[in-house]
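Have a look at the structure below, then the notes.
The values are calculated or read from the model by the stated rules, or taken from the named source; none is laboratory data. Just so we're clear, the structure is a prediction, and the values are computed from it rather than from any experiment. Virtual Cβ from ideal backbone geometry, glycine too; neighbours counted across all protein chains shown.
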Amino acid sequence: MLFGRCRRGRRGVAAVNEFPALGDCFAAGDEGATRNGEPISVSQRTRPETFTINPIFGLSPANRRKLSEYTSIIVDEFGDCRRFGSSQFALSSVAAGELDAAVSSMSLSPWDTVGGVHLVREAGGTVTDLAGDRWTPGADGIIASNGHAHDDLVAAFE
C-alpha cells in the first residue's frame, strides 16, 4: 500500500508506504518519519565517494540508455549503486538511511513519488528537481538525498 497526501501549494502532509513482503511500514506526518513505528532519519554520510545511490528509471530503450549514463556517473563519482525497481521503496530507503540518495531524470508520476518525498523530507533529507529547485509533482527529474552533499549530486546529474 502506498499513500501520499499533498495540500495546496503541493507540499506533502502525510505518507504511508507499506511493503508487506518485507514486513515494513514507513509513515510520516508533520513531526518526523517512522519505520514500523520507530523513528528514522536519513544517513549521516558527508563524503560523496561513500554514497550509495539508487537510479530510478523505467525499462524503455531510451530510459535504459539514461540508466546506463546515470549508473556510470554513480560508480565513477560516488560510492555504490543499488537498484530496487520501485521509486517509493528507493525513497523510503533514503528516509531510513539505507541509501544516501535516489536520482532520476524522468518526470515520475505523483503516485510513485509523493509519499516517498514526504518521508525523505520528514526524515531530515532534501528533495529537489535536477536543477536543484524544490521538487514538486510533475517536476523534471528528482534528486532525493540525505542533504549532506546535495549540491554535488545536482552538479553531477544536471
Next on the checklist: Here is a check on your reading of the model: is His148 within 15 Å of the chain's Cα centre (by Cα), outside any loop (DSSP other than H, G, I, E, B) and within 23 Å of Phe26 (Cα to Cα)?
Outcome noted: no
Item to check | Restricting segment 1-39 to residues that are among the acidic types (Asp, Glu) and loosely packed, with under 15 Cβ neighbours inside 10 Å, the residue that is modelled with the highest pLDDT | outcome: Glu38
Item to check | Gly132 being touching a residue at least 12 places away in the same chain (Cβ under 8 Å) and closer than 20 Å to Gly29 by Cβ | outcome: no
Checklist entry - Where residues in segment 117-134 are assigned to a loop (DSSP other than H, G, I, E, B) and buried (at least 24 other Cβ atoms within 10 Å of the Cβ), which of them is farthest from the chain's Cα centre (by Cα)? => result Ala123
Checklist entry - Is it true that Ser92 is of a type in the set (S, T, N, Q), out of contact with any strand residue (DSSP E or B) (no Cβ under 6 Å at 6 or more places or on another chain) and surrounded by 19 or more Cβ atoms within 10 Å (Cβ to Cβ)? => result no
Checklist entry - Looking at Gly97, is it outside any helix (DSSP H, G or I), surrounded by fewer than 24 Cβ atoms within 10 Å (Cβ to Cβ) and either at pLDDT below 90 or polar (S, T, N, Q) (or both)? => result no
Checklist entry - Which numbered condition trips up Val114, out of (1) of a type in the set (A, V, I, L, M, F, W, C); (2) in contact with a Cys (Cβ under 7 Å, 6 or more places away or on another chain); (3) farther than 20 Å from Cys25 by Cα? => result (3)
